[in-house]
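Only the coordinates and a few stated rules stand behind these numbers; no lab work does. Nothing here was measured: the structure is a model prediction, and the numbers come from that model. Don't worry about glycine lacking a Cβ; one is built from the backbone with ideal geometry, like all the others, and counts go over all protein chains shown.
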């Protein structure tokens, strides 16, 4: 019996969604009988485990055995990040430009149907942007005034001048919000990746320096809003990059 065990050592929602197509492809095209997620995988939010993996009909469950972890954002022309990861695991369904996959069926929420919503939250690097003025200026110049922005979740955020707040108690109702809203604007984060899994086109704002790999969805409109980093911000970025080279993430 051929078994694939996947470890995911980056804990964000988007990080897990980058691997969400692999169980299906492993079984349909890779000759695998069983696919598991290793319990050494990292989850920042327990809802991610429920949404991405527990509902996936191609996954056989979780195991204490160590798995394989591949990650690289150095992708080749003609591929997106999800294609690249598929090939890294020795899988190939001969399709390209994969979108992430979830099996939750979102509900239409009447309160959000005519709403334009901006999500200011992010965790990881979203390009060389940091300050509210940059995003606010983009909305102003584009003639867009969101009806609400998502509540700051406690990580990093680039908020705009919008007093109306929207919030959801969990990732499942956040899916309902994304599915229902008239338009969604976000940074290059798990919000955009989740929207792609829901087949919901959104506008993703990002800054100079963001790798092309993270502009992975053919559904979305990606807009480069420039660079607002100060000299100190650039020094901090350089230090972070050096630390990343000392402690690389790759195959486990």
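Computed FRET efficiency, Cβ-Cβ of residue 208 and residue 140, R0 22 Å: what is it to the nearest 0.05?
It comes to 0.65.
Would you kindly calculate the mean projected area, averaged across all directions, of the convex hull enclosing the Cα atoms of the chain, in square nanometres?
Values: hull surface 55.3 nm².
Projected area, direction-averaged: 13.8 nm².
From the P(r) of region 3-88, can you give the percent of Cα pairs sitting at distances over 21 Å?
Percentage above 21 Å: 23.
Taking the Cα centroid of region 186-214 and of region 113-128, what is the distance between the two, rounded to the nearest whole Å?
9 Å
From the square roots a ≥ b ≥ c of the eigenvalues of the alpha-carbon gyration tensor of region 121-224, which class results: rounded (a/c under 1.5), prolate (a/b over b/c), or oblate?
Rounded, because the longest to shortest axis ratio a/c is under 1.5.
If the convex hull of the alpha-carbon atoms of region 107-161 is projected onto planes in all directions, what is the mean projected area in square nanometres? Intermediate results must be reported in sequence, preceding the final value.
Working: hull surface 19.2 nm².
If I average the Cα hull's projected area over directions, I get 4.8 nm².
How long is the gain from residue 72 to residue 132 if the chain were fully straight, where each residue apart is worth 0.36 nm and the alpha carbon distance is subtracted?
On the way: separation 60, 0.36 × 60 = 21.60 nm, distance 3.01 nm.
That works out to 18.6 nm of additional length.
Could you work out [θ]222 nm for the chain from helices alone, using -39500 (n - 2.57) per DSSP H run of at least four and dividing by all its residues? Round to the nearest 500 deg cm²/dmol.
-7500 deg cm²/dmol
Restricting the count to DSSP beta bridges whose residues both fall in the chain, what percent are antiparallel, rounded to a multiple of 5?
10 percent
How do 55, 85, 219 rank when sorted from fewest to most other Cβ atoms within 10 Å of their own Cβ? Numbers along the way, then the final one.
Values: 55 13, 85 22, 219 16.
Starting with the residue having the fewest Cβ neighbours, the order is 55, 219, 85.
Order these by the 10 Å Cβ neighbour count, fewest first: 1, 86.
Ascending number of Cβ neighbours within 10 Å: 1, 86.
Please give the helix 132-142 orientation as an angle from the longest Cα principal axis of the chain, in degrees from 0 to 90, rounded to the nearest 10.
Here the helix axis deviates by roughly 80 degrees.
Provide the percentage of antiparallel DSSP beta bridges, counting only those with both residues in region 113-252; round to the nearest 5. Please list the in-between numbers first.
Working: 2 of 17 bridges.
DSSP beta bridges in region 113-252 are roughly 10 percent antiparallel.
Between residue 234 and residue 107, what's the calculated FRET efficiency when r is the beta-carbon distance and R0 is 35 Å? Round to 0.05. The partial results should precede the final answer.
Numbers: r = 44 Å, r/R0 = 1.26.
According to the calculation, E is roughly 0.20.
Below 8 Å, C-alpha to C-alpha, sequence gap of six or more: please give me the relative contact order for region 1-98 in percent.
Working: 158 pairs, mean separation 32.9, N = 98.
Worked out over region 1-98, it gives 34 percent.
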